[in-house]
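Below: one structure, written as structure tokens.
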Amino acid sequence: MPKSRLFLLFSLILLASCSREPLTALDVEQPEGWDDDLALTIPEDLNPDPNILEIELEAQIVDIEIIDGLTTPVWTYGGTLPGPLIKAKVGDTVIIHFKNSLPDSTTIHWHGLRVPNQMDGVPGVTQPPIEPGGEFRYEFTVNDAGTYWYHPHVNSAAQVGWGMYGPIVIEDPNDPEEFGDELILVMSDMSLNVRDGSFLAENAGGDFTNLFGKEGTVVLVNGKIRPTLKVRQGKQQRWRVINASRSRYIPIRLRDHTFTILGGDNGLAERSREAGRVVISPSERADVVFTPMHEPGTTQTFRWIPFNRGFGTVYRRASVPMIDIVTVMDEAVIPEEIPEQLRIIEPIDISNAIETDLEMTIAQDTSNKIEMGFNGIPYWSMKPLEARVGETHVWNLINNSDFNHPFHLHGYFFQVLDESRIPEWKDTIDVPVGETVRIAVHFEGRPGMWMYHCHILDHAEAGMMGQLWVGPADSTDPAPEQDLSVLIDVMVKEE
Ligand SMILES: [Cu+2]
């Protein structure tokens, strides 16, 4: 227990011994209007069946005031930034009637959800791109509790950068209430011209910006610049944080605090742990308990702090205020104990695993254009990796390049083979400069063509992406021939 929390506990016990029973976190409510400034849109459920969530979702450009007094023509899901919260419970069926009212084609990828292959939203691979005016019906069952998100897989660095992302929470009704009241925080950034609110040109900065990965000029939490959150000292909140940035890494840290890390991408980890900081790379999620520790009547600011993810990424960069945290005047309460054991995660049996090296590479081609890839090959020239349902694979993700790369696998959860880590299920893992991260994945079903890629979206578009063919269990056929022209066409748009 950190010193400050111990002190709080002692003072409360002292107080209690001379007056009445002290209140604990579960005895009181959050401060009135605590999360009003961070509210997300809840879509209307069109289906009366309590086990089916059926919604309409329209992609459309809407003017939104992000910078005070200016409007930005945001590319949205449903007219809001971020898009509406898709919230269901484990075992539910989710149906989305999607309409594309954008001037460009698009698709939806359900990041982290183990959906059937044809629902994965990869244009030219699992479905045709949805053209302007077109519609598509997504339907899948959600069997894994956790924090997820949705975004396009078409021209993604641009479309995500213009606002196309929304949160997904799959609830486990058995989660202990001691975790605190849920607060979903979609953290992102946007490249805005701060004088008029317009978007900076997508290709501003040229090749170097693609190498670096675009980071926006404004940092947003639930679509807002520097929103306010109200807290009460000792009253816990369960933060589900989603990093929807194209390239920005986000350290979760707050002065004088530790966070209780419950898990991340795909639900709870095996055990909780206290940490002064947890860094979430693009597309990763964090599930943490925040115990406010500051004195009633004070305000402090949760800030983005530059994080070294490779060459030039911290040089001359300042911190950025993200959330003003106001501690209300109500008397402090005693925080609840968070259990240490959260679930059992059986290690994947790798005794018969097929091992593959995947080096994340950056090169310059003959015309000096930057070309990224795996093992020196960009996705447009690469043959799919091959696997079969029922097989277990170990991938060595090797990074000798000058930048970190958040590696994401579609369709399957993996485990990181590192005994110093608390076991958990992941769909995205940061591979730091100069390191090798080993992951184990078991292909339990759902054959088809899946993607893996760096989730710095400029890197993916520059080539750091590949395909994985998961064949049926009983088949020995090689991966089918792929025509990648549609994928190549929609992934990279010349301006
Ligand atoms: Cu990368």
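The values are calculated or read from the model by the stated rules, or taken from the named source; none is laboratory data. Note that the coordinates shown come from a computational prediction; the quantities given were computed from them, not determined experimentally. Cβ coordinates were reconstructed from backbone atoms using ideal geometry, including for glycine residues, and neighbour counts include every protein chain displayed.
Here are some notes:
- Filtered residue count, region 374-383, keeping only those that are more than 16 Å from the ligand (Cβ to nearest atom) and at pLDDT 95 or above: 0
- Screening PHE259 with (1) more than 17 Å from VAL169 (Cβ to Cβ); (2) in contact (Cβ under 8 Å) with a residue 60 or more places away in the chain; (3) of a type in the set (Phe, Trp, Tyr) gives one miss only, at (2).
- Of the residues making up region 472-491, just one is in contact with a Pro (Cβ under 6 Å, 6 or more places away or on another chain) and of a type outside the set (A, V, I, L, M, F, W, C), namely PRO472.
- Matching entry among THR366, THR361 (being without any contact (Cβ under 8 Å) to a residue 24 or more places away in the chain and either surrounded by 20 or more Cβ atoms within 10 Å (Cβ to Cβ) or not aromatic (Phe, Trp, Tyr) (or both)): THR366
- Against the conditions (1) surrounded by fewer than 20 Cβ atoms within 10 Å (Cβ to Cβ); (2) at pLDDT below 95; (3) not basic (Lys, Arg), PRO132 satisfies every one except (2).
- Some residue of region 11-22 being surrounded by 12 or more Cβ atoms within 10 Å (Cβ to Cβ), modelled with pLDDT of 90 or more and either in contact with a Ser or Thr (Cβ under 7 Å, 6 or more places away or on another chain) or in a helix (DSSP H, G or I) (or both): no
- Pair list, Cβ under 7 Å, 6 or more apart: region 444-455 residue among the aliphatic types (A, V, I, L, M), other residue part of a strand (DSSP E or B) and more than 12 Å from the ligand (Cβ to nearest atom): MET449/GLN467; MET449/TRP469; MET451/GLN467
- Each residue in region 261-271 was checked for being surrounded by 21 or more Cβ atoms within 10 Å (Cβ to Cβ) and either at pLDDT below 95 or not aliphatic (A, V, I, L, M) (or both), and 5 pass.
- Yes/no for GLY213 being buried (at least 21 other Cβ atoms within 10 Å of the Cβ), within 21 Å of the chain's Cα centre (by Cα) and within 16 Å of the ligand (Cβ to nearest atom): yes
- Here region 449-493 is the region considered, the condition is being surrounded by fewer than 18 Cβ atoms within 10 Å (Cβ to Cβ) and in contact with a helix residue (DSSP H, G or I) (Cβ under 8 Å, 6 or more places away or on another chain), and the residue that is farthest from VAL389 (Cα to Cα) is LYS493.
- Which listed residue is outside any loop (DSSP other than H, G, I, E, B), of a type outside the set (D, E, K, R) and within 16 Å of the ligand (Cβ to nearest atom), from GLY434, GLY466: GLY466
- The one condition in (1) in contact with a Phe, Trp or Tyr (Cβ under 7 Å, 6 or more places away or on another chain); (2) outside any loop (DSSP other than H, G, I, E, B) that LEU254 fails to fulfil: (2)
- Inside region 347-356, residues that are under 23 Å from HIS408 (Cα atoms), more than 24 Å from the chain's Cα centre (by Cα) and part of a loop (DSSP other than H, G, I, E, B) make up a count of 3.
- Here GLU44 fulfils each of the conditions (1) closer than 24 Å to ASP196 by Cα; (2) over 21 Å from the mean Cα position of the chain (by Cα) apart from (1).
- Counting only residues that are under 17 Å from ALA460 (Cα atoms) and either buried (at least 19 other Cβ atoms within 10 Å of the Cβ) or more than 16 Å from the ligand (Cβ to nearest atom) (or both), region 386-410 holds 12 of them.
- Matching residues in region 173-193 - criterion: being assigned to a strand (DSSP E or B) and either of a type in the set (A, V, I, L, M, F, W, C) or out of contact with any Leu (no Cβ under 8 Å at 6 or more places or on another chain) (or both): ASP181, GLU182, LEU183, ILE184, LEU185, VAL186, MET187, MET190, LEU192
- Count - residues of region 285-334 that are part of a loop (DSSP other than H, G, I, E, B) and among the hydrophobic types (A, V, I, L, M, F, W, C): 10
- The set of residues in region 201-246 that are part of a loop (DSSP other than H, G, I, E, B), in contact with a strand residue (DSSP E or B) (Cβ under 7 Å, 6 or more places away or on another chain) and modelled with pLDDT under 95 comprises GLU215, GLY216, THR217.
- Residue that is at pLDDT below 95 and assigned to a strand (DSSP E or B), where the choices are GLU371, GLU359: GLU371
- Considering residues of region 469-495 that are aliphatic (A, V, I, L, M) and in a helix (DSSP H, G or I) only, the residue farthest from the ligand (Cβ to nearest atom): VAL486
- Among the residues of region 437-463, those that are more than 13 Å from the ligand (Cβ to nearest atom) and either outside any strand (DSSP E or B) or modelled with pLDDT under 95 (or both) comprise PHE443, GLU444, GLY445, ARG446, PRO447.
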